[in-house]
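Scroll down for the structure; my scribbles are underneath it.
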Amino acid sequence: MTTNQEKQQYVDDILRRRGYVLDYHKVMAKHDYEVLLATDRLVEAAYLRQRQLDRRTKELLSILSLTVLRASTGQIQNHDRIALDLGLTPEEILEAIEIALPQAGVVAFRLGLQAWREAVGATGVEPTSAVHDGGSESSQ
């Protein structure tokens with residue numbers, strides 16, 4: 001049987017290897033450690049282990065995939081921050097998110113853009129007049 005100390009060490013190891021720990025990691029460590037180990041091995045093989053694609057490329061693909069799947073903003077932001085830590089520029093990350101436009105549409109793109117904007121602190125160009133164009137942000 002796995003001890004609480006071993007479970008804690010494993011969660012700490014996830015943080016060291018990935019740069020983040022998700023809520024499901026914490027819950028599964030406590031309640032179904034064996035399944036956590038199995039899912040983590042899959043992530044290790046497909047995402048973390050160096051194979052043909054480098055980690056920077058995998059992060060861009062992860063950001064795009066999560067955007068297209070309309071994952072939570074926080075989940076996308078985790079990967080935005082990792083990509084920035086790996087030396088990718090905000091513009092490179094945005095370019096990856098923009099690929100969602102023709103593939104998944106504006107709704108998916110806007111979710112990814114919102115996550116990116118918050119992760120990198122991006123601002124926009126504000127209109128100089130109070131003229132109302134007849135449309136609102138929520139309707140576009």
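The values are calculated or read from the model by the stated rules, or taken from the named source; none is laboratory data. Quick caveat: nothing in here was measured; it's all calculated off a predicted structure. Don't worry about glycine lacking a Cβ; one is built from the backbone with ideal geometry, like all the others, and counts go over all protein chains shown.
Filtered by the rule that a residue be closer than 23 Å to ILE76 by Cα and in a loop (DSSP other than H, G, I, E, B), the stretch 1-26 gives GLY19, TYR20, VAL21, LEU22.
When residues in the stretch 27-69 are screened for being in a helix (DSSP H, G or I), under 19 Å from ARG81 (Cβ atoms) and modelled with pLDDT of 95 or more, 12 of them pass. Whenever a residue of the stretch 105-129 is surrounded by 11 or more Cβ atoms within 10 Å (Cβ to Cβ), its partners that are assigned to a helix (DSSP H, G or I) and among the basic types (Lys, Arg), lying with C-beta atoms within less than 7 angstrom and at least six residues away or across chains, give the pairs ALA119/ARG81. Contact annotation: residue pairs with Cβ atoms under 8 Å, 6 or more positions apart or on different chains, pairing a residue in the stretch 45-56 that is free of Cβ contacts under 8 Å to residues at least 12 places away in the same chain with a partner that is outside any loop (DSSP other than H, G, I, E, B), are LEU53/LEU61.
If you check ILE99, ILE76, ILE82, ILE63 for being aliphatic (A, V, I, L, M) and in contact (Cβ under 8 Å) with a residue 60 or more places away in the chain, only one passes: ILE82. Can you tell me which residue within the stretch 67-88, out of those that are among the aliphatic types (A, V, I, L, M) and within 12 Å of the chain's Cα centre (by Cα), is surrounded by the fewest Cβ atoms within 10 Å (Cβ to Cβ)? In this case the residue turns out to be LEU69. Scanning the stretch 1-55 for residues that are of a type in the set (Asp, Glu), under 22 Å from SER65 (Cβ atoms) and surrounded by 12 or more Cβ atoms within 10 Å (Cβ to Cβ) yields ASP40, GLU44.
Among GLU44, GLU91, GLU59, GLU126, which is over 15 Å from the mean Cα position of the chain (by Cα) and within 21 Å of ASP23 (Cα to Cα)? Going through GLU44, GLU91, GLU59, GLU126 in turn, the sole match is GLU44. A search for C-beta distances below 9 Å between a residue of the stretch 9-31 that is on the phi > 0 side of the Ramachandran plot and any residue that is at pLDDT below 95 and not charged (D, E, K, R), counting only pairs 6+ apart in sequence or on different chains, returns GLY19/ASN78; GLY19/ILE82.
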